[in-house]
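A short write-up of the structure that comes next.
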Amino acid sequence: MTARKIFVFLLAFAIVLGATGLGWNSAFAARLAGKTITQEITAQAREDVFLGRSGVFFPSSAYTGELSLTRIEPKSTRVGDLRFTEPFIEIKLTTGSKSDVKKVTGVVYVYFKLLSWERRLWDKGSLSIYQLDTQTGKWVACPNLKLVAGKNSPHGRLACVMNEFGTFAMGTED
């Protein structure tokens, strides 16, 4: 193959990727960079930051800062009576003072996009979102879950109003 043929092939490949939306994007970059994505968020803006099938949604952000999402593959999909259906997501927010925010101000949702079998678990009443309590090391069920059926069709997304930033997981109790 000549250098010209290689160049034409690479150019055509780049055009196809760009035209189909498969070009370089933040989710692809995060996958290459160790499953972490960082995004600037702005106060009073509607923000939706996601990584894989999980994310964080601010209907109107109370913060200006840097939001970081990290997907964590659990060593085991089971902890006690819990069976996790998705990798964990660690959510951190750093404000202009470069300090981590712990407590959530305003309404902020952590969510997981549902697959068909997860939606069936939800419909049976056996799927929940859990947060890791850093004090006790135990997973605590989110007390205020909501199925957002109109998002991520056809199965929707399961959302939880966050009280504090931290590590979240979606799972079912055996």
Residue that is surrounded by the most Cβ atoms within 10 Å (Cβ to Cβ), among those in segment 101-123 that are over 17 Å from Cys160 (Cβ atoms) and touching a Ser or Thr at 6+ places or on another chain (Cβ under 9 Å): Val101
Boolean, Lys98 is under 16 Å from Phe165 (Cβ atoms), modelled with pLDDT under 90 and in a loop (DSSP other than H, G, I, E, B): yes
Set Ile91, Ile72: member being at pLDDT 95 or above and either surrounded by 14 or more Cβ atoms within 10 Å (Cβ to Cβ) or assigned by TED's automatic domain parsing to the domain that holds Asp133 (or both): Ile91
Flag if Arg71 is part of a strand (DSSP E or B) and under 18 Å from the mean Cα position of the chain (by Cα): yes
Output for segment 121-165, where each listed residue is in a strand (DSSP E or B), among the aliphatic types (A, V, I, L, M) and free of Cβ contacts under 8 Å to residues at least 40 places away in the same chain: Val140, Ala141, Leu145, Leu147, Val148
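The values are calculated or read from the model by the stated rules, or taken from the named source; none is laboratory data. Just so we're clear, the structure is a prediction, and the values are computed from it rather than from any experiment. So basically every Cβ, Gly included, is an ideal-geometry build from the backbone, and we count neighbours across all protein chains shown.
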